[in-house]
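Structure record follows, encoded as structure tokens.
The values are calculated or read from the model by the stated rules, or taken from the named source; none is laboratory data. Bear in mind that the values here come from a model prediction, so they are computed numbers and not experimental data. Reconstructed Cβ throughout: ideal geometry from the backbone, glycine too, with neighbour counts over all protein chains shown. SASA here: full protein model, heavy atoms, side chains in, ligands and nucleic acids out. Shrake-Rupley method; radii C 1.70, N 1.55, O 1.52, S 1.80 Å.
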Amino acid sequence: MAQMTMIEAIKDGMRVELERDENVLLFGEDVGHVGGVFRATEGLQKQFGEDRVFDTPLAESGIGGLALGLGVQGFRPIAEIQFIGFIFEAMDSICAQASRMRYRSGGKYNSPITFRTPFGGGVHAPELHTDSLEGLMMQTPGIKVVIPSNPYDAKGLLISAIRDNDPVFFMEHLKLYRSFRDEVPEGEYTVPIGKANVVREGSDVTIITYGNMVHTSLKAAEELEKQGVQAEVIDLRTLMPLDIDTIVQSVKKTNRAIVVQEAQKTSGAAAEIMAQINEKAILHLEAPVIRVTAPDTVVAFGQIEKEWLPNEKKVIAGVKEVINF
């Protein structure tokens with residue numbers, strides 16, 4: 001089995017689907033000859049031609065509109081937004097049009113579009129390039145929100161996204177692109193959208209997280225084990241739809257939970273997860289659910305992002321707060 005970085009796994013997933021289905025098209029800024037700003041599409045234009053892998057003008061609104069029109073006409077567009085902070089230019093196409101197409105047309109038309117975009121801090125990139133906007137997308141009915149944490153999941157989830165008949169917002173954490181390699185099967189396979197993964201078993205507390213914070217939480221869990229605390233870690237993989245059944249099952253076992261997200265605190269994914277735990281499992285809790293997040297400010301510049309981002313120490317402090325409640 002091949003060892004791949006996440007960026008290699010993502011490219012392989014797109015290659016597999018371009019090869020399998022001639023209706024799959026890939027486009028965005030510099031994705032063709034250059035191969036994308038992070039080389040996620042390197043070599044795909046040469047393999048599949050300029051009619052199926054092509055550059056667009058530097059205009060995210062145009063990328064969104066093109067994806068919308070092609071989706072209605074039966075194609076399966078993969079639209080790359082070069083950095084997540086530029087998504088606002090395409091929000092009308094994503095949130096006001098693509099997300100409602102099936103409902104609005106009574107099922108006559110679909111929007112089988114995959115919007116790919118990098119996000120996340122820890123790489124000294126400036127704000128607008130590193131924002132975490134998953135909470136914003138979660139509030140848009142009709143859009144699925146997917147965030148892989150490793151190369152295997154990235155390829156399998158991306159193939160699932162491309163084959164989905166509804167729009168999928170596929171977020172790729174910048175720090176995970178080349179930080180490690182993992183075994184990735186050759187050819188096609190899928191990881192189901194909407195199914196979380198328990199990446200570490202535990203009995204004392206549940207840590208619920210996603211993206212790069214999965215790795216931060218696992219490091220925290222290793223340190224907690226040395227202190228006699230067994231933490232269970234759940235990698236959500238998908239925020240919409242949310243796998244609340246796996247979360248509740250874990251909370252019933254550990255009776256304590258914290259939610260870890262890289263995004264700012266207010267009105268984010270963590271707030272929604274806490275609300276659903278309260279609705280479905282409050283009688284199983286021995287302490288209030290808390291969240292470990294970034295502060296409610298604009299994403300910090302690179303010089304101070306280590307102070308701004310959640311880290312292992314903050315996760316450990318959160319766990320001890322619910323353990324000692």
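Details
- With contacts taken as Cα pairs under 8 Å and at least 6 residues apart, segment 142-197 reaches a relative contact order of 48 percent.
- With R₀ set to 51 Å, the beta-carbon distance separating residue 282 from residue 46 gives a calculated FRET efficiency near 0.35.
- Segment 148-198 pair-distance distribution - Cα-Cα, 10 Å bins, rounded %: 23, 55, 22, 0
- Phi angles of segment 258-272 translate, via the Karplus equation with coefficients 6.51, -1.76, 1.60 and θ = phi - 60°, into HN-Hα couplings of 10, 10, 10, 9, 7, 5, 4, 5, 6, 6, x, 4, 4, 4, 5 Hz per residue; Gly and Pro are given as x.
- Each semi-axis of the equivalent ellipsoid for segment 1-46 is √(5λ) with λ an eigenvalue of the Cα gyration tensor; in descending order they amount to 17, 15, 7 Å.
- Across segment 179-325, the mean sequence separation of Cα contacts (distance under 8 Å, 6 or more residues apart), normalised by length, yields a relative contact order of 25 percent.
- Relative contact order (percent, whole number), the chain, Cα cutoff 8 Å, 6+ residue spacing: 16
- Separation of segment 219-292 from segment 112-167 is 21 Å, based on Cα centroids.
- Environment charge of residue 322, counting only residues whose C-beta is closer than 12 Å and scoring Lys/Arg +1, Asp/Glu -1: 0
- Taking every protein chain into account, the accessible area of the chain amounts to 42 square angstrom per residue (probe 1.4 Å).
- For residue 55, nonlocal amide neighbours, meaning residues 5 or more places apart or on other chains whose placed amide H falls under 5 Å from its own, are 32.
- For the chain, the spread of Cα positions along each principal axis, largest first, Å: 60, 42, 39
- Positive-end residue of 277, 300, 28, charge dipole of the chain with Cβ unit charges: 277
- DSSP-defined antiparallel bridges as percent of all bridges, the chain, nearest 5: 20
- Cα gyration tensor shape for segment 33-126, rounded if a/c is under 1.5, else prolate or oblate: oblate
- One decimal place: the segment residue 89-residue 265 gains 60.9 nm when fully extended, by the rule 0.36 nm per residue minus the C-alpha distance.
- Cross-link partners for residue 306 among the lysines, with Cα-Cα distance under 26 Å and sequence neighbours closer than 8 places in the same chain left out: 175, 219, 226, 265, 314, 320.
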